[in-house]
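Below: one structure, written as structure tokens.
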């Protein structure tokens with residue numbers, strides 16, 4: 001904001017710079033004071049409340065937290081693995097379904113219908129019901145070749161639900177790429193598939209990165225739903241701990257793990273977005 | 001050519017409608033090897049649609065188009081192979097915004113022609129040098145001026161080494177300061193013997209650069225002939241009227 005110092009800067013400009021510095025300082029001071037007042041006030045209200053002692057013992061007991069931490073941490077590793085495996089499968093399912101839905105080929109009509117039914121059904125069904133149905137229903141079929149490991153049943157349930165969401169996000173991205181981009185690709189002699197792969201899909205994915213991240217953060221949290229079919233992940237361990245201590249500190253510890261795990265993903269997306277903006281717009 | 005003539009391309013009674021609106025009402029045109037043909041005419045006269053039909057971006061409703069001795073309006077023809085040999089540049093440049101200048105130019109030759117990346121990259125750099133943009137190979141389109149983008153779009157088309165180049169009002173979106181640098185590239189191409197069909201509103205340039213002027217009106221070719229004749233002694237009154245309004 002300040003002009004380069006040195007010769008040739010007019011008095012008027014020096015005066016403007018000085019005013020801008022004063023204004024920036026006073027604005028920063030206002031922001032700091034108001035933040036302290038609001039947060040401090042909230043803290044006082046909570047700490048002065050009549051039930052605070054009991055709440056602290058139930059939710060924020062340091063001793064309980066230390067005791068449960070190693071178990072939750074170990075169990076959370078399962079959440080991470082569930083998430084990572086499901087995420088890859090979801091991307092594969094979603095890209096396939098999204099492309100099937102946008103390809104203008106009449107020969108694909110039955111498959112397209114199937115893709116529409118899939119997205120409608122799995123976006124409409126609560127994830128917890130799908131987890132129940134897959135987790136208990138598939139093993140009950142007793143069919144040869146169907147997975148019996150809870151891990152894979154859980155991954156399949158999450159993939160089915162999130163694949164439908166992510167497919168629709170990607171489809172919106174693909175449709176948002178201007179038709180002239182298709183024309184330019186085809187005009188270079190690229191086939192439909194090549195144009196999709198090298199020109200349309202990369203632009204589509206860039207545009208929908210923020211909503212895509214939303215879905216993946218949500219997926220990270222929903223790995224906790226798999227506790228209901230008996231997977232011993234972080235929430236399940238916290239639950240067992242709550243049953244032992246008759247307090248909820250274990251849940252708070254588990255919640256912290258989930259929060260901390262989503263932050264790197266958010267920062268990574270921010271970084272990627274800014275980088276592509278810089279590169280492509282020369283900002 | 002199978003049915004007489006030595007042209008690169010021949011269109012025969014081509015018709016095209018969008019909904020109820022008939023944009024091309026039977027257009028016939030022959031382009032000889034190395035010829036530079038300018039399509040002139042009011043907006044909506046069918047120039048762009050004709051160009052888009054010629055490289056099969058639009059499907060004709062009737063009539064035939066022959067390219068290099070083959071009828072390319074035949075649905076059994078491999079359209080991708082045809083388009084490799086007919087380049088087109090659009091009014092709005094349409095560069096790929098997620099790819100650098102070099103990647104924009106190399107994509108077609110590598111993916112569509114199956115050239116090696118090194119060959120394609122070497123040619124891209126030679127071409128960029130010729131248009132004075134060698135130092136921008138790593139830049140992204142949105143960081144460049146319109147004139148620079150359009151020159152890159154020209155190079156992207158030329159890098160495919162097409163037999164025929166279609167230019168669709170490629171200077172219309174540029175401000176007058178930038179038009180000159182794009183037209184210079186076309187002058188160069190003409191000197192090298194590139195066959196070019198261009199729709200344009202740049203009358204002075206059309207007169208200077210073309211071997212033949214084709215004046216279109218209402219989806220038909222109203223008149224066609226050498227530039228001197230068209231600009232000084234048009235036969236059709238409609239041509240005369242159009243030129244009176246568009247000549248500086």
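Laboratory data are not the source of any read-out in this text; all were calculated from the coordinates shown. If you're wondering where the values come from, they're calculated on a predicted model, not measured in any experiment. Methodologically, a virtual Cβ is constructed for each residue, glycine included, from the backbone with ideal geometry; neighbour enumeration extends over all protein chains shown.
Which value, in Å³ per residue, describes the convex hull spanned by the Cα atoms of chain B? Don't jump to the answer; show the numbers that get you there.
Numbers: hull volume 33.0 nm³, N = 248.
Cα convex hull per residue, to the nearest whole number: 133 Å³.
Per residue and in cubic angstrom, what volume does the convex hull of the Cα atoms of the stretch A:154-224 have? Before the final figure, lay out the partial values.
Details: hull volume 5.6 nm³, N = 71.
Taking the convex hull of the Cα positions in the stretch A:154-224, it is 79 Å³ per residue.
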Mind jotting down the three principal axis lengths of the stretch B:146-211 based on Cα atoms? Whole angstrom, largest first. 29, 25, 17
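Averaged over peptide B:106-112, how many Cβ atoms belonging to another chain are found within 10 Å of each residue's Cβ?
On the way: counts 0, 8, 8, 2, 1, 10, 8.
Mean shielding count: 5.
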Roughly what angle does helix B:237-246 make with the longest principal axis of chain B, taking Cα atoms, 0 to 90 degrees, to the nearest 10? 40
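Could you line up A:112, A:66 from fewest to most neighbouring Cβ atoms inside 10 Å? It would help to have the intermediate numbers written out before the result.
Details: A:112 18, A:66 11.
So the residues, fewest neighbours to most, are A:66, A:112.
Between residue B:163 and residue A:180, how high is the FRET efficiency from 1/(1 + (r/R0)^6) when r is the Cβ-Cβ distance and R₀ = 35 Å? Nearest 0.05.
Numbers: r = 24 Å, r/R0 = 0.68.
Efficiency computed from Cβ-Cβ geometry: 0.90.
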Please report, to two decimal places, log10 I(q)/I(0) for the stretch A:102-200 at q = 0.10, 0.17, 0.24 Å⁻¹ as given by the Debye formula with identical point scatterers on the Cα atoms and no solvent. -0.43, -0.87, -1.20
Could you give me the radius of gyration and the Dmax of the stretch A:27-88, taking only the C-alpha atoms into account and expressing both in angstrom? 19.2, 49
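Taking the number of other C-beta atoms within 10 Å as the exposure measure, put B:53, A:256 in order starting with the fewest. Mind dumping the intermediate values first?
Numbers: B:53 24, A:256 15.
Exposure proxy ranking, most exposed first: A:256, B:53.
Treat the protein assembly as shown as a sphere of radius equal to its Kirkwood radius over Cα pairs and apply Stokes-Einstein at 20 °C in a medium of 1.002 mPa s; give the translational diffusion coefficient in µm²/s, rounded to a whole number.
Using the Kirkwood radius from Cα pairs, D works out to 75 µm²/s.
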Quick note on B:90, A:60, ordering by fewest other C-beta atoms within 10 Å, gives A:60, B:90
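Taking each residue in B:91-103, count the Cβ atoms of any other chain within 10 Å of its Cβ, then average. What number comes out?
Details: counts 1, 3, 2, 9, 2, 9, 10, 13, 5, 2, 0, 0, 1.
The per-residue average across the peptide is 4.
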Please report the base-10 log of the normalised intensity I(q)/I(0) for the stretch A:60-281, using a Debye sum with one equal scatterer per alpha carbon and no solvent, at each q in 0.13, 0.18 (1/Å). -0.86, -1.27
Reduced to Cα centres, the span from the stretch A:159-199 to the stretch A:10-73 in Å works out to 45
When the Cα centres of the stretch B:138-157 and the stretch A:118-133 are compared, how far apart do they sit, in Å? 47
The distance between the Cα centres of the stretch B:1-67 and the stretch B:202-216, in whole Å, is 17
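What 222 nm value per residue comes from the helices of chain A, counting each DSSP H run with n ≥ 4 as -39,500 (n - 2.57) and dividing by all residues, nearest 500 deg cm²/dmol? List each step's numbers first, then the result.
Numbers: 13 runs with 219 residues, N = 283.
Value at 222 nm, helices only, nearest 500: -26000 deg cm²/dmol.
What number, rounded to the nearest 500 deg cm²/dmol, is the helix-based mean residue ellipticity at 222 nm of chain B, given -39500 (n - 2.57) per DSSP H run of at least four residues and division by all its residues? If you can, show how the numbers build up before the last one.
Working: 9 runs with 88 residues, N = 248.
That calculation yields -10500 deg cm²/dmol at 222 nm.
Report, please, the projected area of the stretch B:122-248 averaged over directions, based on the convex hull of its C-alpha atoms, in nm².
Projected area, direction-averaged: 8.8 nm².
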Globularity ratio of the stretch B:108-169, using Cα Rg and 2.2 N^0.38 Å: 1.12
Under a GNM of chain B (C-alpha, springs under 10 Å), which listed residue has the highest mean-square fluctuation: B:35, B:192, B:222? B:192
For the stretch A:60-281, calculate the relative contact order in percent as a whole number, restricting contacts to Cα pairs under 8 Å that are 6 or more residues apart. 32
Approximate shape of the stretch A:219-270 as ellipsoid semi-axes (Cα gyration tensor, √5λ), whole Å, largest first: 24, 14, 5
Average beta-carbon neighbours from other chains, 10 Å sphere, peptide A:191-198: 3
Computed FRET efficiency, Cβ-Cβ of residue A:275 and residue A:148, R0 45 Å: what is it to the nearest 0.05? 0.55
